[in-house]
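Reading through the structure tokens given below for one structure.
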Amino acid sequence: MQELTWWQHSVVYEIYPRSFQDSNGDGVGELKGIIERLDYLVHLGVDAIWISPFYPSPMADFGYDVADYCGIDPLFGTMEDFDRLLAEVHRRGLKMILDFVPNHTSDQHPWFLESRSSRDNPKRDWYLWRDEPNNWLSNFGGSGWDRDETTGQYYYHSFLKQQPDLNWRNPAVKAAMFDALRFWLERGVDGFRVDVMWLMIKDDQFRDDPPNPGYRMGQPSNHRLLPVYNSDRPEVHDLVAEMRAVVDEFQQRVLIGEIYLPVQQLMTYYGRDLKGANLPFNFQLLQCAWSADAVAQVISDYQGALPEGAWPNWVLGNHDQPRIATRVGPHQARVAAMLLLTLPGTLTMYYGEELGMTNVAIPPELVQDPAEKNEPGLGLGRDPERTPMPWDNSRASGFTSGTPWLPLNDDHATINVAALEQDQSSILHLYRKLIDLRRSRRTLVSGKLRSVTAEKGVLRYQRIGQKDRILIVLNLGMDTAQIEFEGGTVLASTRAERVGKAVNGFTDLASGEGLVIDLA
């Protein structure tokens, strides 16, 4: 069997640093807090951490408005803290992936301050300026164009007006951003997750986007148009290939792209000769209905579309999407864990999934997210899935000695790491056992995926290795199902008492129950 690179066999764990661990009592997590909790991640069994932005920022979009690509915001610590964190991560045998935000900067970035200062400033062309706006929309609502009073022109922003888009057609922009990548690679980081990769290049003629015939009242306003000319432009693939080449200047690094596109378009981001993103993020399970039929179709469509030699990846949650336990319900969250950790390729978990964390209802007066503030009531806010990690049953659940920046869930006294550690049947222990099984049975990482079927609410598939065959059976339905097995031994189960038992003939599988079976 060909030896896999570290990122091919990894379970990647996303940390939203504001919400993981606060070490100084200000209610906001930081780099020192992550250091305090690294041993927990080792015990959990993950291989790599991906950390959401911690760069200097005015925090209009909580760090996704970057004012300096080569620094640390004081809210999160210092460069010395970062270097210590990286050293501690590597000392434990883990890898570190950083978030890179190349589509836009903060409007307080020195580049933009120069660009907006006059029409003939040398950095004017580092951003997208027009005398008159076209109809392109912001993903956070309203027009994507904002008039700058100093020069009388409009600049484009795919998100907030405080996040002006860079002009990636300008070679100087590319050079400066690639130097920022090298800055972190030379410090020793193991790769990048690239924010909104598919938006980086816009139409050079600034043509209007066409109306969306499927738009309905009540949908987010940016759905009114089809983003034909301000996203997924053909030229983006050359840019991604250049970015990949920078990463490949260093040994054993990875480039991951955030891309919300249909499967066939997603696959183009692997690039010609697989020289694009190592892993275009596969969000298909985030967007499909939670039924055996829908999930089976997603798995089959994705696997069937992969270019030859491309490495698959799977995701169930992130900082922009409702938590999986909220979306499918707590009893199905265990099946979701088994689904994720038995699919082939690289897997990404979001912090707290292993606890069965659910979205937290945020009172209007505590809303932080600009997506919710700009278009309230449409359910666009991302605060509910960004709330602090509950570590124990103390007042602030061990996250902080102060007041958390977002409220904890009402169930944090019972749904926390310390409590779930004591319960051998908890979802936390299930995640640990599944991650450990994945590490010990390489067939679950790189074995072939075969026989994906759905019947009466039950999803089945097999993982085929050189010397073993593993069957996964998951009841995503509402009713108990009777399943016939050809004979085997249970390697993992959502019900701990079934592990190690033989199965043969007909067996009942309750709603929300799953089995991983070593076939005889």
query: Ignoring ligands, DNA and RNA, what accessible area per residue does the stretch 1-128 give at 1.4 Å, in Å²?
result: 34
- request: Could you point to the residue in 357, 173, 263 farthest towards the positive end of the chain's charge dipole, with +1 and -1 charges on the Cβ of Lys/Arg and Asp/Glu respectively?
  value: 263
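Got a number for carbon plus sulfur as a percent of the stretch 152-276's accessible area, 1.4 Å probe? Kindly include the intermediate steps, with their values, before the conclusion.
Values: 2690 of 5210 Å².
Carbon with sulfur: 52 percent of the solvent-accessible area.
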query: Separation between the residue 207 and residue 274 pseudo-spin-labels, each 7 Å from Cα along Cα→Cβ, expressed in nm?
result: 3.5
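Mind giving me the FRET efficiency for residue 425 and residue 251? R0 is 35 Å, r the Cβ-Cβ distance, nearest 0.05 is fine.
Numbers: r = 43 Å, r/R0 = 1.22.
In this case the efficiency is close to 0.25.
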- line: Note to self, the chain gives a 222 nm [θ] from helices alone (DSSP H runs n ≥ 4, -39500 (n - 2.57) apiece, / all residues, nearest 500) of -7000 deg cm²/dmol
field: Vicinal HN-Hα couplings computed from phi for the stretch 175-180 (Karplus, 6.51 cos²θ - 1.76 cosθ + 1.60; Hz; Gly/Pro x)
entry: 4, 5, 6, 5, 5, 5
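Given a cut-off of under 8 Å on Cα pairs at least six residues apart, what relative contact order in percent is computed for the chain?
Over the chain, the number comes to 13 percent.
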task: Please list, in chain and number order, the residues 5+ apart from residue 254 or on another chain whose amide H is under 5 Å from its amide H, with Hs placed from the backbone.
output: 191, 192
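Can you tell me the dipole magnitude for the stretch 169-233 around its Cα centre, using point charges on the Cβ only (Lys, Arg +1; Asp, Glu -1), in Debye to the nearest 20?
On the way: 10 positive and 9 negative charges, 18 e Å.
Rounded to the nearest 20 debye, it is 80 debye.
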field: Alpha-carbon centroids, the stretch 461-495 and the stretch 146-211: separation in whole Å
entry: 46
- line: Taking N as the number of residues in the chain, the ratio of its alpha carbon radius of gyration to 2.2 N^0.38 Å works out to 0.98
- request: Report relative contact order for the stretch 345-445 in percent, whole number only (criteria: Cα-Cα under 8 Å, sequence separation at least 6).
  value: 26
- request: Determine ³J(HN,Hα), in whole Hz, for all residues of the stretch 326-341 in sequence, where each value follows from phi through the Karplus function 6.51 cos²θ - 1.76 cosθ + 1.60 and θ = phi - 60°; x replaces Gly and Pro.
  value: 6, 5, 10, x, x, 6, 8, 4, 5, 5, 4, 4, 5, 4, 4, 8
message: Could you compute the net charge surrounding residue 496? Neighbours are other residues with a C-beta less than 13 Å from the C-beta of residue 496; K and R count +1, D and E count -1.
response: +3
- line: With x for Gly and Pro, the residue-by-residue ³J(HN,Hα) of the stretch 314-323, computed from phi through the Karplus equation 6.51 cos²θ - 1.76 cosθ + 1.60 at θ = phi - 60° and given in whole Hz, is 9, 9, 10, x, 7, 6, 10, 10, x, 4
message: Sequence gap of 8 or more, or different chains, plus Cα separation below 24 Å: how many lysine pairs satisfy both in the chain?
response: 18
message: With unit charges on the beta carbons (Lys and Arg positive, Asp and Glu negative) and the dipole taken about the Cα centre of the chain, which residue among 294, 225, 459 sits farthest to the positive side?
response: 459
task: Amide H neighbours of residue 469 under 5 Å, at least 5 residues apart or on other chains, H built in the peptide plane: list them.
output: 519
message: If I model a spin label at residue 501 and residue 172 as a point 7 Å from the Cα along the Cα→Cβ vector, what separation in nanometres do I get?
response: 7.0
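What full-extension length gain, to one decimal in nm, is calculated for residue 413 and residue 150 as 0.36 nm per residue of separation minus the Cα-Cα distance? Show your work: numbers first, answer last.
Numbers: separation 263, 0.36 × 263 = 94.68 nm, distance 5.31 nm.
Taking 0.36 nm per residue and subtracting the Cα distance, the gain is 89.4 nm.
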message: 5 Å is the cut-off here: which amide hydrogens, built 1.01 Å from N in the peptide plane, fall below it relative to residue 59, excluding neighbours closer than 5 in sequence?
response: 65
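The values are calculated or read from the model by the stated rules, or taken from the named source; none is laboratory data. In this text the structure is predicted, and so the values were computed from the model without any measurement. Glycine gets a Cβ as well: all are built from the backbone with ideal geometry, and neighbour counts include every protein chain shown. Ligands, DNA and RNA are excluded from the accessible area calculation, which covers all protein heavy atoms including side chains. Shrake-Rupley method; radii C 1.70, N 1.55, O 1.52, S 1.80 Å.
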